[in-house]
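*Asks:* The following block contains the structure, expressed as C-alpha cells.
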C-alpha cells in the first residue's frame, strides 16, 4: 500500500472519528447527565406498579402508609409516610435521596425520626424507585413535585410543621424548595452543589483530569433540552438567597464530587438569621452519616427539636 493510500485512509478515519465524536456530544453524552431510565431498556422489563401496601418485612412497631401524588406533568410519584411513635408529634420531615438511592435508603432514618416524635415522608424522585419518569431535572421540576407533596400532606393527610432533609441532589432540592415555598419551616441540606453547570464541570475535571467549560456547558444545555427544562433553574445557589427559614447545611471536608467550597457558597447566600454550617472533617460525599455517627445524629436531632417546637 502506497504512502498516498495510507494518508487517504488516515484522513477518512480522522474525519469519521470527528463526526462520531460530534454526534456523541450532541446526542449521546447529554443523556448520561439527565436520563435516569431509557424507555427502550425499560420496555424489556416487567412494568412496575406502585404498591400502596407497605412491605411485610417492615417493623410492625412503626405505622407506615404509601402515598402516590400526581405531578403537574402527570407523572405518578411514590412516597412512604412513617408516622411518629409519640403521642405528641413534633413535625413532618420530607426525606430526599441522592442520585444513587431511592426512598428505601431512609428506612432506618424514618424509624429514628419516628422514635423521636417526627413523621417522615421518603419520596422517590421522578425517574427513581417506584416513581414514574425518564429524566431527572436537578430541581427544575422536582421542586414543583415536592410542593405538590407538601400540598398533599397538608390538605389530604392533615399534617403540618413540615421540614426537608436532603442528600446530594436531594440537598439541592432542599435548598431550591425552601427558597420557593415558605410552607417549609426548616431544613437540612447535605452535600449540595451550587448549580448544575458547575457540577458537570467538576465531573469532567474529576474523571478526565480537565474540563473545557464551553464543551461541558454545551453538553449540559443539550441535556436540559432533551429533558425539557431550563438548566439555569437547577441552581441551589440562586434559590439560597430566598431562604429565610432555619437551616442546617452539612458538608464533608473530603468531598471530591462536590467540593466543600460549594456547600459554603450556598450557606453564604442564605439569608436566614438562623443558619448553621456543619463540616464533617473526615467525610467524603456519601459517608456523612457513617463518619459523623451518633454525635452527628444527636446534633441533627437537637436542631430538629429546637425548630420543630419553635414553629408548633
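Rule-based calculations on the coordinates, nothing more; no lab input. Just so you know, these numbers come straight off a predicted model, no measurement behind them. We place every Cβ from the backbone using ideal geometry, glycine too, and count neighbours over all the protein chains shown.
*Asks:* With a ≥ b ≥ c the root eigenvalues of the C-alpha gyration tensor of region 169-264, is it rounded (a/c under 1.5), prolate (a/b larger than b/c) or oblate?
*Replies:* Cα axes put region 169-264 in the oblate bin.
*Asks:* Also, quick follow-up: For the chain, set up a Gaussian network in which alpha carbons nearer than 10 Å are linked by springs, and say which option among 14, 188, 67 fluctuates the most.
*Replies:* Residue with maximal mean-square fluctuation among 14, 188, 67: 14.
*Asks:* I need the peptides 81-92, 170-181, 226-237 ranked by packing, meaning the mean over residues of other C-beta atoms within 10 angstrom, with the highest value on top.
*Replies:* So the order, starting with the most tightly packed, is 170-181, 226-237, 81-92.
*Asks:* Label residue 76 and residue 301 with points 7 Å out from Cα along Cα→Cβ: what is the distance between them in nm?
*Replies:* Result: 3.8 nm between the two label points.
*Asks:* May I ask you to derive the relative contact order of the chain, considering only C-alpha pairs under 8 Å and at least 6 residues apart, and to give it as an integer percent?
*Replies:* About 15 percent, as a whole number.
*Asks:* Right, something else. Which of the peptides 257-270, 146-159 is most tightly packed, and how do the rest follow, judged by the mean count of other Cβ atoms within 10 Å per residue?
*Replies:* Those peptides, ordered most packed to least, come out 257-270, 146-159.
*Asks:* Compute the distance from the alpha-carbon center of region 244-281 to that of region 74-144, in whole Å.
*Replies:* Between the Cα centres of region 244-281 and region 74-144 lies a distance of 21 Å.
*Asks:* Of the beta bridges DSSP finds with both residues in the chain, what % are antiparallel, to the nearest 5?
*Replies:* So the antiparallel bridges in the chain amount to around 30 percent.
*Asks:* To the nearest 10 degrees, how steep is helix 260-269 against the longest Cα principal axis of the chain, on a 0 to 90 scale?
*Replies:* 60
*Asks:* Run through every distinct alpha carbon pair of the chain and return the Kirkwood hydrodynamic radius in angstroms, one decimal place.
*Replies:* One over the average 1/r among Cα pairs gives 20.7 Å for the chain.
*Asks:* May I ask for the angle, rounded to the nearest 10°, between helix 196-208 and the longest principal axis of the chain, with both axes built from Cα atoms and the value confined to 0 to 90°?
*Replies:* Helix 196-208 sits at roughly 60 degrees to that axis.
*Asks:* Only Cα pairs under 8 Å and at least 6 apart count here; give the relative contact order of region 69-152 as a rounded whole percent.
*Replies:* This gives 36 percent for region 69-152.
*Asks:* Follow-up question, since we're still on this one. By the gyration tensor of its Cα atoms, with a ≥ b ≥ c the square roots of the eigenvalues, what is the shape of region 241-306: rounded for a/c under 1.5, prolate for a/b over b/c, or oblate?
*Replies:* oblate
*Asks:* For the chain, take the longest principal axis of its alpha carbons; what is the angle in degrees between that and the long axis of helix 213-227, to the nearest 10 within 0 to 90?
*Replies:* 60
*Asks:* Related question: For the chain, what is the mean residue ellipticity at 222 nm derived from helices alone (per DSSP H run of n ≥ 4: -39500 (n - 2.57); sum divided by total residues; nearest 500 deg cm²/dmol)?
*Replies:* Mean residue ellipticity, 222 nm, calculated: -13500 deg cm²/dmol.
*Asks:* Which one, 219, 20, 28, has the greatest fluctuation when you compute a Gaussian network model over the chain with C-alpha springs under 10 angstrom?
*Replies:* Of 219, 20, 28, the most mobile in the Gaussian network model is 20.
*Asks:* Calculate, for residue 37 and residue 274, the FRET efficiency according to 1/(1 + (r/R0)^6) with r their C-beta to C-beta distance and R0 30 Å; round to the nearest 0.05.
*Replies:* Working from the Cβ atoms, E equals 0.15.
*Asks:* Moving to a separate point now. What distance in nm separates the simple spin-label points at residue 17 and residue 218, each placed 7 Å from Cα in the Cβ direction?
*Replies:* So the label points at residue 17 and residue 218 sit 1.8 nm apart.
*Asks:* Report the FRET efficiency, 1/(1 + (r/R0)^6), for residue 62 and residue 253, where r is their Cβ-Cβ distance and R0 is 41 Å, rounded to 0.05.
*Replies:* FRET efficiency, residue 62 to residue 253: 0.75.
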